[in-house]
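The values are calculated or read from the model by the stated rules, or taken from the named source; none is laboratory data. This is a predicted model, so every value here is computed, not measured. Virtual Cβ from ideal backbone geometry, glycine too; neighbours counted across all protein chains shown.
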Amino acid sequence: MQNKEKENVQNKRMMNYLLFNKYITIEIAVAMEKIEREFFVPSEFASSAYLDLPLPIGYGQTISAPSMVGIMLKELMVKKGMKVLEIGTGSGWQTALLAFLVGENGKVYSVERIQDLASKAEERIKNLGIKNVEIKIGDGTLGMKENAPFDRIIVSASAPEIPKPLIEQLANEGKMLIPIGSGYWQELILVEKDKNGKISTSPILPVMFVPLVGKFAYPENNRE
């Protein structure tokens, strides 16, 4: 019990830091309070779960820093009842936060190419009693055509350009966030589609993400 109280204090401190720096909204803070990051990191990194740092989760992948997750969720402006597509399930923390934000009447579809990561994320999410998430193993650059269109799309890996299938699967008046660039640093891009289907893009900030592997990004054997 004493350890749990200490963990909650650490989580509260992290949320206050994110709120103070305006990385997150109150709604996102509530989600982070309910869905603690520690539950989604490998046990050997549990002591660092509430630090504002990316942490390794295996297979060359990471769980993004809380500030980065917060910024992306804030920019995405997720609302109750929305249908969201996530590319790169990873540990499942962002997936679970999205599920909380869309509420019971919303749905989160997530694509992960690494079976083991997807299975662990699915188990964590199930253990939290979250039921509005569907995780698929596959090529994230292809999206999930069978469930399109999506009100929001969030991509947690960098691509040289925006994959065409994701643009096609974004609903009119929808928003997508994706890191674009082939170097060590990329630019987080906000993609918006208006009511007539016209696309506009806006740079948000420099970021550093692992490469997106797939047909419309980097091949498995030739990643930068």
Query raised in the report: Residues GLU75, GLU86: which one is in contact (Cβ under 8 Å) with a residue 60 or more places away in the chain and not in a helix (DSSP H, G or I)?
Result: GLU86
**Report entry** Residue check, GLU38 among the acidic types (Asp, Glu), within 19 Å of ILE125 (Cβ to Cβ) and in contact (Cβ under 8 Å) with a residue 60 or more places away in the chain
**Finding:** no
Report summary line: Pairing a residue in the stretch 94-120 that is β-branched (Val, Ile, Thr) with any residue that is modelled with pLDDT under 95 and surrounded by 20 or more Cβ atoms within 10 Å (Cβ to Cβ), where Cβ atoms lie under 7 Å and the two sit 6 or more apart in sequence or on different chains, gives none
Query raised in the report: Of the numbered conditions (1) assigned to a loop (DSSP other than H, G, I, E, B); (2) within 16 Å of the chain's Cα centre (by Cα), ILE125 satisfies every one except a single condition; which is it?
Result: (1)
Report summary line: Going through the stretch 184-196 in order, the residues found to be over 16 Å from MET68 (Cβ atoms) and out of contact with any Ser or Thr (no Cβ under 9 Å at 6 or more places or on another chain) are LYS195, ASN196
Query raised in the report: Looking at the stretch 204-222, is at least one residue closer than 19 Å to LEU117 by Cβ, under 15 Å from the mean Cα position of the chain (by Cα) and small (Gly, Ala, Ser)?
Result: no
Query - Every residue from the stretch 169-224 that is in contact with a strand residue (DSSP E or B) (Cβ under 8 Å, 6 or more places away or on another chain), surrounded by 18 or more Cβ atoms within 10 Å (Cβ to Cβ) and part of a loop (DSSP other than H, G, I, E, B) - result: GLY181, PHE209, VAL210, LEU212, PHE216, ALA217
Report task. Can you run down the residue pairs with Cβ atoms below 9 Å, 6 or more apart or on separate chains, where the first is in the stretch 145-157 and under 9 Å from TYR109 (Cβ atoms) and touching a residue at least 12 places away in the same chain (Cβ under 8 Å) and the partner is among the charged types (D, E, K, R) and surrounded by 22 or more Cβ atoms within 10 Å (Cβ to Cβ)? Result -> none
Report task. Kindly provide the set of residues from the stretch 29-61 that are assigned to a loop (DSSP other than H, G, I, E, B), in contact with a helix residue (DSSP H, G or I) (Cβ under 6 Å, 6 or more places away or on another chain) and not hydroxyl-bearing (Ser, Thr, Tyr), ordered by number. Result -> ILE35, GLU36, ALA49, ASP52
Requested in this report: Looking only at the stretch 12-28, decide whether some residue is β-branched (Val, Ile, Thr), part of a helix (DSSP H, G or I) and more than 17 Å from the chain's Cα centre (by Cα).
Outcome: yes
Query raised in the report: With SER119, SER48, SER64 as the choices, which residue is crowded, with 23+ Cβ neighbours inside 10 Å, modelled with pLDDT of 95 or more and small (Gly, Ala, Ser)?
Result: SER64
